[in-house]
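Contents: one structure, followed by commentary.
The values are calculated or read from the model by the stated rules, or taken from the named source; none is laboratory data. Not measured: the values here are computed from a predicted model. No Cβ is skipped: glycine too gets one built from the backbone with ideal geometry, and neighbour counts run over all protein chains shown. Please note that ligands, DNA and RNA were not included when accessible areas were found on the heavy atoms of the full protein model with its side chains. Shrake-Rupley method; radii C 1.70, N 1.55, O 1.52, S 1.80 Å.
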Amino acid sequence: MKETPAFAHAAVAAPHRLAAEVGQRILAAGGNAIEAMVAMAGAIAVVYPHMNSIGGDGFWLIRTPDGKVRSIEACGYAGTKATIHAYRARGYDAVPVRGPDAALTVAGAIGGWMLALELSRALGGKLPVKDLVAQAETLARDGVPVSQSEGRYIVKEREAILAVPGFAQHFLGEGGKQPEAGSLRRQPKLAGVFEQLGHAGLADFYKGDIAREMAVDLERAGAPVTRDDLARYEARWREPLKTRMPGVTLYNNPPPSQGLASLILHGVFNRLEAREAESPAHWHGLIEAAKRAYAIRDRVVTDFDHLAHDPASFLTPERLAREADAVKANRAASWPFAKEDGDTIWMGAIDNSGLAVSFIQSLYWEYGSGVVLPNTGILWQNRGMAFSLDPKALNPLQPGRRPFHTLNTPLAVFEDGRVASYGAMGGDGQPQFQAQVFFRAIRYGLPVSEALDRPRFLFGRTWGGASATLKVENRTDGHLLDRLASMGHQIEVINKPYADMFGHAGMLIRDAKGAIMADHDPRSDGGAEGL
């Protein structure tokens, strides 16, 4: 097991080493954690295109040195032409997963960058946007090797994405094969976008030349997002959700994010008896807590402006205790679980002032809709597939409405002065992976790198699966699996020691004196850098 990287002043963690290096450069140049994160967000969109894009969405949690925690909702709404009637008229029973009809929501990620930088300037941040996007521009123009993660990826709905005009030529190898890891990819048009953003400012994405070019391409492709949709978009500040555990307050994003599920999972497991890491009680407790959390999420979480329940009401000590009491110590609850995979990046940053950032950016499925806008080289998300074409559903398709989001960004503030920024990609499994890493590091006292390295599990039905099973990496202890099976868990061993389906997680912990322990997942291409 490698030693956890330690930094005296500031640190960043990212799923690709080039993004982490970009963040470190910004910190070394006097930038703060927000500025470093914006620079990393641009870089990761270039080097990890199967996981995220500036044509996608994002969420932020930011803790400022005065102790206040803020949440940014940077997720786009459905376009003007995205109506249930229009999709039904085209013969759809559900929102398609690939192609122009899947590219139905505004891209909110850069709107989040804009809000975050407003706060950065209020805190004394002075680096110009041009400096923050310069490395992303260089990486796109000069080219970067295809990552190990992208090279080994298995694309879902492959025929559908290959049918999207321009996708294969832009992202895949000869004959539509997955690109070989290490092969060089240049993205000159995307480089031009970053150059324009640096020159004209980030608002150009929604109201300037970039917006005009994107709108033309979206219309030609037949996507339902218009130039007016882009111009109206603004990211939002939201009051974060929070819950208390002994000695620590946990924060996460409110709906349409599934941050509620993450906080419930943490809060329920904290009330269960599980003294030893990797014991049956430890794993069983987390699995059963996830079931309780997802049951609430699936009947509550929708667009913030359409909520029928107050999410905070599910985070009271009384409600969490009731959910914990419903967990049977030696028996797995039955579960008709069925949700989606997702492909995303999580990154974190903490600077020498104590400013801490937990950040996530995504396309939803790998490569999103597959729509690459010809004039800009921007790959568009398929987050809108989370909508339903049933007008009575919890998340019905409707122009101006935000879809349900698996994206969420946890952050923990401790009474002893510590701050932890942590998170994971992995679609529906994000809350599970977050809790596994958090409790290993905090309850069981493991070093950050070991907490990230240890075998992980995923409960649920992933894309293409026939049933909800407990999926585990093949290096998981056999005696533990036997005990879990005896409790009624249906176990599926994935024949890999480190598998992407168990998330790319990261964690940074700053102590009261300012020292930071940080790392990113061995399942990713990244790590931590700092000063």
Whole-percent carbon and sulfur contribution to the accessible surface of the range 227-360 (1.4 Å, no ligands, DNA or RNA) stands at 47
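With charges only on Cβ, +1 for K and R and -1 for D and E, what is the dipole size of the range 118-177 about its Cα centre, in debye, rounded to 20? Could you put the intermediate results ahead of the total?
Working: 8 positive and 8 negative charges, 28 e Å.
Computed charge dipole of the range 118-177: roughly 140 debye.
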Per the 1/(1 + (r/R0)^6) rule, R0 = 41 Å and r from the Cβ atoms of A28 and K207, FRET efficiency to 0.05 is 0.80
Taking protein heavy atoms only, a 1.4 Å probe, and rounding to whole percent, the accessible area of the range 90-164 owed to carbon and sulfur comes out at 52
Restricting to aspartates and glutamates and to Cα separations under 17 Å from K513, and discarding same-chain partners fewer than 8 apart, the set is D66, D351, E415, D416
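Using a simple charge model, +1 on the beta-carbon of Lys and Arg, -1 on the beta-carbon of Asp and Glu, nothing else, what dipole does the chain show about its Cα centre, in debye to the nearest 20? It would help to have the intermediate numbers written out before the result.
On the way: 58 positive and 59 negative charges, 143 e Å.
That gives the chain a dipole magnitude of about 680 debye.
Among K242/K471; K242/K392; K471/K496; K156/K207, which pairs are too far apart, with a Cα-Cα distance over 22 Å?
Values: K242/K471 29 Å; K242/K392 30 Å; K471/K496 11 Å; K156/K207 34 Å.
Among K242/K471; K242/K392; K471/K496; K156/K207, the Cα-Cα distance tops 22 Å for K242/K471; K242/K392; K156/K207.
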Protection proxy (average C-beta count within 10 Å per residue), highest first, orders 356-363, 74-81, 250-257, 88-95 as 356-363, 250-257, 74-81, 88-95
Here, A321 and H85, labelled 7 Å along Cα→Cβ, have an inter-label distance in nm of 5.2
Here the gain from full extension of Q398 to A312, 0.36 nm per residue of separation minus their alpha-carbon distance, amounts to 28.4 nm
For 416-424, 515-523, 215-223, ranked highest to lowest by mean beta-carbon neighbours within 10 Å, the order is 515-523, 416-424, 215-223
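Given Cα pairs under 8 Å that are at least 6 residues apart, what percent is the relative contact order of the range 388-512?
So the answer I get is 27 percent.
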Expected sort for 299-305, 47-53, 60-66 on mean C-beta neighbours within 10 Å, highest first, is 47-53, 60-66, 299-305
Here the relative contact order (percent) of the chain, from C-alpha pairs under 8 Å and at least 6 apart, is 26
Given a Förster distance of 45 Å, the FRET efficiency implied by the Cβ-Cβ spacing of E219 and L184, rounded to the nearest 0.05, works out to 0.85
The chain accessible area per residue, 1.4 Å probe, protein heavy atoms, integer Å², reads 36
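Based on the Cβ-Cβ distance from S486 to R275, what FRET efficiency comes out when R0 is 25 Å, to the nearest 0.05?
The pair S486/R275 has a calculated efficiency of 0.80.
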The simple spin-label model distance between R475 and D305, using points 7 Å out along Cα→Cβ, in nm, is 4.8
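Please report the carbon-and-sulfur percent of the accessible area for the range 431-531; probe 1.4 Å, protein heavy atoms only, DNA, RNA and ligands left out.
The computed percentage sits at 50.
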